1. Quick one: if the Förster radius is 41 Å, what FRET efficiency do Val97 and Asn77 give, using the C-beta to C-beta distance and rounding to 0.05?
2. Run the numbers for Ser88 and Thr36: contour at 0.36 nm per residue of separation, minus the present Cα-Cα distance, in nm.
3. At 222 nm, what value in deg cm²/dmol follows for the chain if DSSP H runs of at least 4 each add -39500 (n - 2.57) and the sum is divided by all its residues, to the nearest 500?
4. Return the FRET efficiency for the residue pair Glu24, Glu4: r is the Cβ-Cβ distance, R0 is 30 Å, and the value is rounded to the nearest 0.05.
5. Give the lysines reachable from Lys48 as a straight Cα distance under 24 Å; neighbours fewer than 8 places away on the same chain don't count.
6. What aspartates and glutamates could a cross-link reach from Lys54, if we take a straight Cα to Cα line under 18 Å and drop same-chain neighbours fewer than 8 places away?
7. In degrees from 0 to 90, rounded to the nearest 10, what is the angle of the helix 3-103 Cα long axis to the longest principal axis of the chain?
8. Which value in nm describes the separation of the simple spin-label points at His67 and Glu52, placed 7 Å from the Cα toward the beta carbon?
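What follows draws every value from the coordinates through simple rules; no lab data is involved. These numbers were taken from a predicted model, which means no experiment stands behind them. Cβ coordinates were reconstructed from backbone atoms using ideal geometry, including for glycine residues, and neighbour counts include every protein chain displayed.
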Amino acid sequence: MSFEAISNIAQAEAQAKTAVAEAESKARQMLADADTAGKLAVDAACAKAVDELKELGRQVNEKAKAHAVSLSGDLENQKAALRARAESRLDAAAALVVERIVNS
């Protein structure tokens, strides 16, 4: 084999090693970039989930407060109705008590 052929082979091997090293370096960089992008996407999804959870909690609290106000109003109405019924029967109850005391 001539010196020129050996030289060409050595040069081709060196170029191949350089190309492989560059490809490996590029692949490592692509993996690092993909890992970073993935982590950023996960972080963004987590932040969005936290925001949505806060919003849902706020909505639940609003509905609970509205329900409590409605329930409170209902209870006040029931209380007033019971009081009115009790007051309407008070005279009759007092008369019954007096009658039983007098007739004893």
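1. Details: r = 30 Å, r/R0 = 0.72.
Efficiency, rounded to the nearest 0.05: 0.85.
2. Working: separation 52, 0.36 × 52 = 18.72 nm, distance 7.72 nm.
Between Ser88 and Thr36, full extension yields an extra 11.0 nm.
3. Values: 1 runs with 101 residues, N = 104.
Using -39500 (n - 2.57) per qualifying helix, the result is -37500 deg cm²/dmol.
4. Working: r = 30 Å, r/R0 = 1.01.
Calculated value: 0.50.
5. Lys39, Lys63
6. Asp43, Glu62
7. 0 degrees
8. For His67 paired with Glu52, the spin-label model returns 2.2 nm.
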